[in-house]
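Working notes, beginning with the structure itself.
The values are calculated or read from the model by the stated rules, or taken from the named source; none is laboratory data. All figures in this text were calculated on a predicted structure; none of them were measured in a lab. Here Cβ is always computed from backbone atoms with ideal geometry, including for glycine, and neighbour counts include all displayed protein chains.
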Amino acid sequence: MRKLVYYVASTLDGFIAAPDGSFDFFPLVPEPDVMAHMVATYPQTFPTFTHAQFGIDRPEGRFDAVVMGRGTYEPGLAMGVTSPYAHLQQYVFSRSLPPAAEPEVEIVSDDPVPFVRALKRQDGKDIWLAGGGQLAGHLLSEVDELIVKLNPIVAGSGIPLVTRDFDPRRFTLVEARPFDSGLVFLRYARSEGGTGSDG
């Protein structure tokens, strides 16, 4: 079965964007060693229009689909980019956006949980959950892997990594990779059972 992987940048205090949804307080271009790791390991998570800039040619990797909320999709729309990840099948969850003209973009107004469960049962590679926090909150029970680019930044407030009612879910640390810039890649797998806390 395909995995749902939440791959996202976060501050030390757990925010993925400012209160207004902007995220320009994160480095626009990561340090060279971080960039090299991202290009080598997760090239499909770069928007298609940036591939030439970063020397990415026909990105191959673990994903062939991306799911995102309207807030994650809209910054691209504001720049006139209607298919930000044209190399992937894109599913945008929104009850107000009109249908997309691009065949690789599907606007989904259905409940995200059963929709993603059905996606995971289909043949294919893993599915990248790009954000935002509200969609991640809805889908937390379906997240098989959590990859956090933990930035050495304290924001104070903003859009949290996950927005949902109190319902602790346990993940197991699989890999931690620190970089000289202070950024740390943290990769977690969903623990058996996935709920509760040991303290």
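Okay, here's what the table says:
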| item | result |
| --- | --- |
| From L129, L161, residue being of a type outside the set (G, A, S), under 21 Å from L97 (Cα atoms) and within 12 Å of the chain's Cα centre (by Cα) | L129 |
| Selected residue [β-branched (V, I, T) and in contact with a helix residue (DSSP H, G or I) (Cβ under 7 Å, 6 or more places away or on another chain)] from V67, V148, V105, V154 | V67 |
| So A36, is it of a type in the set (A, V, I, L, M) and touching a residue at least 60 places away in the same chain (Cβ under 8 Å) | no |
| Every residue from the range 178-191 that is in contact with a strand residue (DSSP E or B) (Cβ under 7 Å, 6 or more places away or on another chain) and either hydroxyl-bearing (S, T, Y) or surrounded by 13 or more Cβ atoms within 10 Å (Cβ to Cβ) (or both) | L183, V184, F185, L186, R187, Y188, A189, R190, S191 |
| Spans of helices (runs of 4 or more DSSP H) in the range 1-109 with at least 1 residues under 21 Å from L183 (Cβ atoms), modelled with pLDDT of 90 or more and under 14 Å from the mean Cα position of the chain (by Cα) | 32-41, 70-78 |
| Filter result (within 25 Å of R121 (Cα to Cα), among the polar types (S, T, N, Q) and touching a Leu at 6+ places or on another chain (Cβ under 9 Å)) within the range 3-41 | none |
| Matching residues, the range 42-75, being more than 19 Å from K120 (Cα to Cα) and among the aliphatic types (A, V, I, L, M) | A52, I56 |
| Search result, residues across the range 163-192 that are assigned to a loop (DSSP other than H, G, I, E, B) and of a type outside the set (D, E) | T163, R164, F166, P168, R169, R170, F179, S181, G182, L183, S191 |
| Cross-chain or 6+ apart pairs with Cβ under 7 Å, the range 161-184 first and free of Cβ contacts under 8 Å to residues at least 24 places away in the same chain, then in a loop (DSSP other than H, G, I, E, B) | T172/S191 |
